[in-house]
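One structure is given here, and the rest of the page talks about it.
The values are calculated or read from the model by the stated rules, or taken from the named source; none is laboratory data. Values in this document were obtained by computation on a predicted structure and should not be read as measured data. Cβ placement follows ideal geometry from the backbone for every residue including glycine, while neighbour counts extend to all protein chains displayed. Only protein heavy atoms, including side chains, enter the accessible area calculation; ligands, DNA and RNA are left aside. Shrake-Rupley method; radii C 1.70, N 1.55, O 1.52, S 1.80 Å.
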Amino acid sequence: MRDAVIVEAVRTPIGKGKPNGSLAHVHPVELLAHTLRTLVERSGVDPALIDDVIGGTVDQVGEQAMNTTRYAVLSAGFPESVPATTVDRQCGSSQQAVHFAAQGIISGAYDLVVACGVESMSRVPMWSNVPEGKDPFGPGVAERYPEGLIPQGISAELIAAKWSISREQMDAFAVESHRRAAAAWEDGLFADEVVPLDGVTRDECVRPGSSTEVLAGLKSAYYDPSFGERFPQIDWNVTAGNASPVNDGASAVLITSSETAARLGLRPLARLHSFAVTGSDPLLMLTGVVPATEKVLRGASLTLDDIDLFEVNEAFSSVVLAWGQETGADLSKVNVHGGAIAIGHPLGASGARLTTTLVHAMRARGARYALQTMCEAGGLANAMVLEGL
């Protein structure tokens, strides 16, 4: 049976997803093209050999419409013969792209494929793909959930309440994310994964001086009296400080088989070992990382103790802390170079960004197995296990 291996993984620095952000001047197609171009330059592969480019983008509208990945391929200078598609599994879109790419390699459908993702939240704000007054869910969903679905921030509050996670715990987790990311930058641990763009060399949202005292002064980000009446258990402790920011960025991963890597003289960084995707309660929509973790470990015939490193997307502190309670994972092994609260969360790019960071962390630390999982809107989650080589 064929395997699938990662032979190169890169990302842009992550900018603030605001009009004054460091990458706000860059069109999203160009953000993604920059990573694709760098991917082939660093690997030395002939882009004409690439069988497909699978990209993740969440808000596929405006400058991110019309199959953004295809136009990034063309902008990167790849031959017109190289195909591309853009997928949406919400925050896990580019992790799903990694899954699809690896599964294509394992099945024999591909020999060489790129999984990637992009989101420019400064130029294409979140929810801009849903025009005002339009219902993206439809009457059947409204009938099934008559009290109505809820925003992710309210879900994060419900998770904090259900798992008795305090404001102090969430703020402390966020501060540690910034500390780890700042330390990774200072120690040069991002040097191999981050490709500077237009003079931007570092992630813009990392705050080395963050403290629990500073975060304690922030107000609730999602307070809403109507949701408070519906969910009286909420304490309104989720803030901009213990949740991920909005961001701009892109990431890309080159995947092939061990045999093709040997033939092309490419050095495998990690083997894509096992995959899982799950659905969960769309109200507690961010808890899917728990069953996804359990499912991928079963499929891999591994236990939690076999995993040396974890990447669990920090959409909110409460999500990772609840995942830790449920799984019993050692949080010292989770997001060791910082997570999305510090580095940023450019939606469609985040899955492949986590993979990029994880692959390089595995090599730096000599990890045998690593696990990546992401919560996603609508009650979804992806998980995968990587094996060090």
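Key figures for this structure:
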quantity: Sole residue being within 30 Å of Arg363 (Cβ to Cβ), in contact with a Lys or Arg (Cβ under 7 Å, 6 or more places away or on another chain) and of a type in the set (Ser, Thr, Tyr), chosen from Ser257, Ser210, Ser244; calculated: Ser257
quantity: Pair list, Cβ under 7 Å, 6 or more apart: the range 314-336 residue at negative phi, other residue surrounded by 24 or more Cβ atoms within 10 Å (Cβ to Cβ) and of a type in the set (D, E, K, R); calculated: Val320/Glu314
quantity: Matching residues, the range 38-54, being assigned to a loop (DSSP other than H, G, I, E, B) and of a type outside the set (D, E, K, R); calculated: Gly44, Val45, Ile50
quantity: Residue among Gly299, Gly339, Gly265, Gly324 that is surrounded by fewer than 20 Cβ atoms within 10 Å (Cβ to Cβ) and in contact with a helix residue (DSSP H, G or I) (Cβ under 7 Å, 6 or more places away or on another chain); calculated: Gly324
quantity: In the range 1-25, residue nearest to the chain's Cα centre (by Cα) [restricted to those that are basic (Lys, Arg) and open to solvent by 10 Å² or more (accessible area, probe 1.4 Å)]; calculated: Lys16
quantity: Residue list for the range 162-195, filter: out of contact with any helix residue (DSSP H, G or I) (no Cβ under 9 Å at 6 or more places or on another chain) and in a helix (DSSP H, G or I); calculated: Ala183, Trp185, Glu186
quantity: Residue pairs meeting the criteria (Cβ under 8 Å; at least 6 apart or on separate chains; first in contact (Cβ under 8 Å) with a residue 40 or more places away in the chain, in the range 343-366; second crowded, with 24+ Cβ neighbours inside 10 Å and among the basic types (Lys, Arg)); calculated: Ile343/Arg353; Pro346/Arg353; Ala349/Arg11; Ala352/Arg11; Arg353/Arg11; Thr356/Arg11; Thr357/Arg11
quantity: Pairs where the first residue, in the range 16-35, is basic (Lys, Arg) and the second is outside any loop (DSSP other than H, G, I, E, B), C-beta under 9 Å, 6+ apart; calculated: Lys16/Asn247; Lys16/Asp248; Lys18/Asp248
quantity: Conditions (1) touching a residue at least 60 places away in the same chain (Cβ under 8 Å); (2) open to solvent by 40 Å² or more (accessible area, probe 1.4 Å); (3) touching a helix residue (DSSP H, G or I) at 6+ places or on another chain (Cβ under 7 Å); (4) not in a strand (DSSP E or B): number failed by Gly241; calculated: (2)
quantity: Cβ pairs under 9 Å, 6+ apart, first in the range 244-261 and of a type in the set (D, E, K, R) and at pLDDT 95 or above, second open to solvent by 10 Å² or more (accessible area, probe 1.4 Å) and part of a strand (DSSP E or B); calculated: Asp248/Lys16
quantity: Residue, farthest from the chain's Cα centre (by Cα), within the range 91-136, restricted to residues that are surrounded by fewer than 21 Cβ atoms within 10 Å (Cβ to Cβ), touching a residue at least 60 places away in the same chain (Cβ under 8 Å) and assigned to a loop (DSSP other than H, G, I, E, B); calculated: Gly108
quantity: The range 1-37, residues that are of a type outside the set (A, V, I, L, M), assigned to a helix (DSSP H, G or I) and touching a Cys at 6+ places or on another chain (Cβ under 7 Å); calculated: Thr35
quantity: Filter result (over 15 Å from the mean Cα position of the chain (by Cα), farther than 17 Å from Leu304 by Cα and of a type outside the set (Gly, Ala, Ser)) within the range 361-385; calculated: Arg363, Arg365
